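To start, the structure itself, in structure tokens.
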Amino acid sequence: MRSPVLSIAALGKRVRQRITGLGAFMRLAGGILARSGIALRRPGLVSQQVHFIGNYSLLIIAVSGLFVGFVLGLQGYYTLNRYGSEEALGLLVALSLTRELGPVVTALLFAGRAGTSLTAEIGLMKAGEQLAAMEVMAVDPIRRVLVPRFWGGVIAMPVLAAVFSMVGVIGGWIVGVLLIGIDPGAFWSQMQNGVDVFDDILNGVIKSVVFGIAVTLVALHAGWTAKATPEGVSRATTRTVVSGSLLVLGLDFVLTALMFSS
Amino acid sequence: MTREKTDFWVGLFVLLGAIALVFLALRAGNMSSFSFAPTYQVKAHFDNLGGLKVRAPVKSSGVVVGRVASIDFDNQRYQAVATLDLEKQFEFPSDSSASILTSGLLGEQYIGITPGGDDKMLAQGNEIQFTQSAVVLEELISKFLYSSASKEGGGNAAPAPEGAPAKTQP
């Protein structure tokens, strides 16, 4: 059994490590932002990453959006039917998707689909000493490797969230209008009356941009600080999903509270 | 994959995102109800606005003719002032009256304009003289309870207040 003094010391060490980790994370984020000029000078690098992060995630995002829309249609109908207001189904589906589910579910899928691949790629680059080799050749690895991936993620995420919401609304329409038989006119007009372009859609876009920044930074940081072993890379990948998802959900609460208060 | 091919697919991807946003704004949102027709502003004082909100519709005979531009409190008259943006193509006589109505039982509140008979038309900066406040449900219920209680109490109870007084003011 360890003495209490030792365990307090261990606790202090862990707290200090966490704070140091946070500082290193913010320093890396600052370094990426400070070197972002290359994204404008060599847009080809960014477009390559948007292709890798965005286009390849499109299928999973669209299919998930469709199924989330289906489920929202069925579950929403089940609830609204009790109050005899099935026509509000379109409003329910559109509001839940644009305000909440679109950005959040996309960010969670994005952390799993794109974040992990970013972490693994950078971690393996580090394990293979490619990053060290770059530095030897006087190429700044943050500028050449991290900055394009960061901006690729930040650009791809809002696009994916918008596609998710659009496909979800179509999914809700398929279930509500085509399968259940709600009047299509009421479905769309209730939606248009209730969804505000600035309060709902713009806030959803702001959320998705913030989540894109958060998830991409977490993924890059995890890869950048991964131990240069197979086990270290696998741990870093797990960390991306766990901290990325938690960060998205926490930020979502903060952002929603801010948007409601105004 | 060549550079050009990548750029093409990325362009297509971003375009898809833009289409999704436009779809959400026009098909799911209220962007299509934004009107860019030229407008003129008139003011109206109300004793009670109820739950009226900025950008609520202004309707006449059920047709949207404008929107509520702003809501303020007039500290001289201790009344609410609503500024209405009316579309130029719709003109109303200067003795028209404005009332705050509710669409449906629990729907949103809007301003209804009932045209008067004057030859002069409302113009930029004019004020609508005849207004009717929002019906506050609690007042209505308390009046109803009060009147039914006094009926049960027989003749010696206090006389029931008259029906909701029309809150028109000069």
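Above 11 Å, the calculated P(r) of segment B:52-98 contains 71 percent of its Cα-Cα pairs. Each residue, A:PHE253 and A:ARG42, gets one label point 7 Å from its Cα in the Cβ direction; the gap between the two is 4.2 nm. Sorted from greatest to least, the principal axis extents spanned by the alpha carbons of segment A:71-124 come out as 57, 16, 9 Å. Computed over chain A with a Gaussian network model linking Cα atoms closer than 10 Å, the most mobile of A:LEU202, A:LEU40, A:LEU58 is A:LEU40.
A DSSP coil position with no more than 14 other Cβ atoms inside 10 Å describes the following GluC sites (Glu not before Pro) in segment A:99-152: A:GLU129. With a 10 Å cut-off around each Cβ of A:57-63, the average count of Cβ atoms from other chains is 1. Computed across segment A:1-159, the Kirkwood radius stands at 19.4 Å (inverse of mean 1/r, all Cα pairs). For chain A, relative contact order (Cα pairs under 8 Å, six or more residues apart, normalised by length) works out to 31 percent.
Comparing mean-square fluctuations of A:ASP200, A:ASP252, A:ASP140 from a GNM of chain A with C-alpha springs under 10 Å, the top value falls on A:ASP140.
Which percent of the accessible heavy-atom area of the protein assembly as shown goes to carbon and sulfur, probe 1.4 angstrom? Summing carbon and sulfur atoms, their accessible area is 64 percent of the total for the protein assembly as shown.
Percent of C-alpha pairs per 10 Å bin in segment B:1-85, short distances first: 14, 29, 20, 15, 11, 8, 3, 0. Classify segment B:1-149 as rounded, prolate or oblate from the Cα gyration tensor: take a ≥ b ≥ c as the square roots of its eigenvalues, call it rounded if a/c is under 1.5, otherwise prolate when a/b beats b/c and oblate if not. It comes out prolate by the Cα gyration axes.
The values are calculated or read from the model by the stated rules, or taken from the named source; none is laboratory data. This structure is a prediction, so every number in the text was calculated from the model and none was measured. A quick note on method: Cβ atoms are made from the backbone with ideal geometry, for glycine too, and the neighbour counts reach across all protein chains shown. For accessibility, only protein heavy atoms count, side chains too; no ligands or nucleic acids. Shrake-Rupley method; radii C 1.70, N 1.55, O 1.52, S 1.80 Å.
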